[in-house]
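J.: Structure provided below as structure tokens; questions to follow.
The values are calculated or read from the model by the stated rules, or taken from the named source; none is laboratory data. These figures come from a predicted structure and were not determined experimentally. Cβ coordinates were reconstructed from backbone atoms using ideal geometry, including for glycine residues, and neighbour counts include every protein chain displayed. We work out accessible area using only protein heavy atoms, side chains counted, and drop any ligands, DNA or RNA first. Shrake-Rupley method; radii C 1.70, N 1.55, O 1.52, S 1.80 Å.
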Amino acid sequence: MSRIIGIDLGTTNSCVAVLDDRGQPTILAAADGERTTPSWVSFSPTGQATVGTRARRQGVTNASSTVFGAKRLIGRKVNADDVSWFARLAPFRIVAAPNGDAWVRVNGVPISPQEIGAHILRRLRQIAEEALGEPVTRAVVTVPAYFDDAQRQATRDAGQIAGLDIVRILNEPTAAALAYGAHRVKEGRRVIAVFDLGGGTFDISIMSVDNGIFEVLATGGDTALGGEDWDRRFLERLVDEIFDQHRVDLTAIPMAMSRLREACEEAKKALSVAQNTTIALPFLANDHNGAPINYELTISRERVEQLTQDLLDRLEAPCTRALADAGLGAGDVEEVLLVGGMTRWPAVQRVVERIYGKKPSKGANPDEVVACGAAAYAGILTGEADYAALLDVTPHDIGIRVGDSGFATVLPRNSMLPVRARRIFATSNDNQKFVSIELFQGESQDVSKNRKLGQITLDDLPPGPAGSVRVELVITVDVESLLSVVARELRTGRQTTVTIRPSGGLSQREIVEIITRRREESTTGGEGDVVSGRVRVTTREHMISTPEPDEPEPGKP
Ligand code: AMP
């Protein structure tokens, strides 16, 4: 049995870790020493993919063929609000797949975000194999707590395309809590906040941890706020100043913009520990007389803080809303965990301290903590780690259509997995021949706003007046979020069973086609930084469910 690696598949950066021989999570670095990999994939005109820092650099000269932020698209419809927002901003094309899913179009070829994700996963797998010196085929991969089944399944599909068996999908805040050891400190129920400010997104999760059971009580955030906004604000100011001094518009010189953007990010990082820093960029561009502009600037942390105060102000509202959604006050939060590189910025830490009235926990590396948590979880699965049991919950309500447009919850969100619920329905017509029950996931009372999971039909019902024939519906969700539904007519015992595999948007046939195509491409020329993967189809264990007490309820499916 090969080891199971832990992967943080991030919006801006990704990271891979494994448990070392002492049972401690350890980051696996690339051969060049990089501990995180930018989640960027750049395509050459012939379709060869490059992943990571090299791809990000190509974003300057090859912007329309360089894809970033694919995690914002995975398992999503193109007409979702934040997808349209991202499509307006992104320098590459975002298009609708035939089923309405958000894909990208590069060099005229439509590509699913699952395939983009697979390139990143394949690169991380390669990093892990080189660092460990052994083949790697299995991984635990983290996703945001608010990802629905389609987004989770699409992430699994990316794994399958990359030749990685994703043995478990883990919520990012749960991974962070595991890596911080938040579950061990005390027995009994504790409330923690996981404050995650990365490069492109801000996520806040309020969780309870009770003897190894992690429950996400509420999530919130801002999908359009991250460290890159700080860099952009800083960059815009310097571009204005250079224009005032030299009358040169750097925005028309991509290479100069790229150097300046990198310098701004580096300066921001330096200023998170020092009060002042210097940016020096010789030969940044030429002025109107053809003389080189040798740019140099000494800047203080205070000045960058002033420039970005409004960004900081946007952090508070999602935190208070998440607390309110969880029905808690700031005083109920015992510990605040920091995730995401931007939480190193001292002003961000001050805001966190003001909101929660306590200093956030230090001691974990915020860029790496989620991958470390995934590795710790992998250790639980293989029995290498002695952590407490770790259970997950359903992220959204699961229920059925009632009447034309109503939604009745059968399994409320945050039900601990595995879980089972029963409902009994009576026929609504005399001599009704069949019942057909549609299952949905979501929180809206209007069923059309929720995501359809599937449908179960039981026919050949025995004849009888309306209300006399009763059908029992049993819904089970296992630890893998695999949903199975049984509909049984109570008098005859006739039943039908449906197992609903969440769909990430790609069919098995499409996934196999992508794998075959990539295999052919890699044998005819390789793909830059990525290796082609050996294919293993994800297998799922089935858990025995704990039935809940019968709960007969008349209803009309
Ligand atoms: P992540 O998505 O978690 O990798 O976070 C990346 C973001 O964190 C980028 O915007 C980085 O510029 C930012 N970041 C990383 N290190 C630091 C630091 N020392 N100070 C401020 N921001 C940082």
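J.: Looking for whichever is touching a Leu at 6+ places or on another chain (Cβ under 8 Å), in the same structural domain as R35 (by TED's automatic domain parsing), open to solvent by 40 Å² or more (accessible area, probe 1.4 Å) and at negative phi here; the options are W85, W103. Which one fits? Show your work before the answer.
T.: On the way: W85 fails: touching a Leu at 6+ places or on another chain (Cβ under 8 Å).
Going through W85, W103 in turn, just one is touching a Leu at 6+ places or on another chain (Cβ under 8 Å), in the same structural domain as R35 (by TED's automatic domain parsing), open to solvent by 40 Å² or more (accessible area, probe 1.4 Å) and at negative phi: W103.
J.: In addition: Starting from the range 252-265, take each residue that is touching a residue at least 60 places away in the same chain (Cβ under 8 Å) and list its partners that are of a type in the set (S, T, N, Q), counting only C-beta distances under 9 angstrom and pairs at least six apart or across chains.
T.: Here the result reads P254/T61; M255/T61; M257/T251; S258/T61, each pair linking the range 252-265 to a residue that is of a type in the set (S, T, N, Q).
J.: Something else now. Evaluate the following for P346: is it modelled with pLDDT of 85 or more, more than 24 Å from the chain's Cα centre (by Cα) and either under 25 Å from C15 (Cα atoms) or of a type in the set (F, W, Y) (or both)?
T.: Against the criterion (modelled with pLDDT of 85 or more, more than 24 Å from the chain's Cα centre (by Cα) and either under 25 Å from C15 (Cα atoms) or of a type in the set (F, W, Y) (or both)), P346 qualifies.
J.: Find all pairs meeting these conditions: Cβ atoms under 6 angstrom apart; at least six residues apart or on different chains; first residue within the range 362-373 and closer than 7 Å to A175 by Cα; second residue more than 9 Å from the ligand (Cβ to nearest atom).
T.: V370/T142; V370/E172; V370/A175; V370/A176; G373/A175; G373/A176; G373/L178; G373/A179
J.: On to the next question. Conditions first: (1) open to solvent by 50 Å² or more (accessible area, probe 1.4 Å); (2) away from the ligand (no atom under 16 Å from the Cβ); (3) in a loop (DSSP other than H, G, I, E, B). L381 passes all but one, so which condition is the exception?
T.: (3)
J.: In addition: Return the residue satisfying two criteria in turn: it lies in the range 17-35 and is open to solvent by less than 40 Å² (accessible area, probe 1.4 Å) and within 12 Å of L124 (Cβ to Cβ), and of such residues it is farthest from the ligand (Cβ to nearest atom).
T.: Selected residue: V18.
J.: To continue, here is another question. Looking at S14, S42, can you tell me which residue is within 16 Å of the ligand (Cβ to nearest atom) and of a type outside the set (A, V, I, L, M)?
T.: Result: S14 is the single residue among S14, S42 that is within 16 Å of the ligand (Cβ to nearest atom) and of a type outside the set (A, V, I, L, M).
J.: How do the strands (runs of 3 or more DSSP E) wholly within the range 1-48 filter down when requiring 3 or more residues that are in contact with a Lys or Arg (Cβ under 8 Å, 6 or more places away or on another chain): which remain?
T.: 13-19
J.: Okay, next question. Since T223 meets every condition but one in (1) without any contact (Cβ under 8 Å) to a residue 40 or more places away in the chain; (2) within 22 Å of the chain's Cα centre (by Cα), which condition does it not meet?
T.: Evaluating T223 over (1) without any contact (Cβ under 8 Å) to a residue 40 or more places away in the chain; (2) within 22 Å of the chain's Cα centre (by Cα) leaves (1) as the failure.
J.: Among the numbered criteria (1) touching a helix residue (DSSP H, G or I) at 6+ places or on another chain (Cβ under 8 Å); (2) modelled with pLDDT of 95 or more; (3) over 30 Å from V351 (Cα atoms), which one does V194 miss?
T.: It is condition (3) that V194 fails.
J.: Which of the helices (runs of 4 or more DSSP H) contained wholly in the range 267-377 include at least 2 residues that are open to solvent by 40 Å² or more (accessible area, probe 1.4 Å) and away from the ligand (no atom under 16 Å from the Cβ)?
T.: Numbers: elements: 301-307, 309-313, 316-325, 346-356.
Output list reads 309-313, 316-325, 346-356.
J.: Moving on to the next point. Would you confirm whether any residue within the range 202-220 is open to solvent by 20 Å² or more (accessible area, probe 1.4 Å), under 29 Å from I511 (Cα atoms) and in contact (Cβ under 8 Å) with a residue 12 or more places away in the chain?
T.: No - not one qualifying residue is present in the range 202-220.
J.: Please go through the range 204-260 and pick out each residue that is closer than 25 Å to V352 by Cα, in contact with an Asp or Glu (Cβ under 6 Å, 6 or more places away or on another chain) and away from the ligand (no atom under 16 Å from the Cβ).
T.: Matches in the range 204-260: S208, A218.
J.: Further question: Which is small (G, A, S), closer than 16 Å to G10 by Cα and in the same structural domain as G10 (by TED's automatic domain parsing), of A139, A150, A179?
T.: A139
J.: Here is a further query. Given (1) open to solvent by 20 Å² or more (accessible area, probe 1.4 Å); (2) in contact (Cβ under 8 Å) with a residue 60 or more places away in the chain; (3) assigned to a helix (DSSP H, G or I); (4) within 26 Å of G221 (Cα to Cα), identify the lone condition not met by A154.
T.: Failing condition for A154: (1).
J.: Here's a follow-up. Looking at S258, S272, which is the one that is more than 30 Å from A145 (Cβ to Cβ) and under 29 Å from the mean Cα position of the chain (by Cα)?
T.: Selected residue: S258, the only one of S258, S272 that is more than 30 Å from A145 (Cβ to Cβ) and under 29 Å from the mean Cα position of the chain (by Cα).
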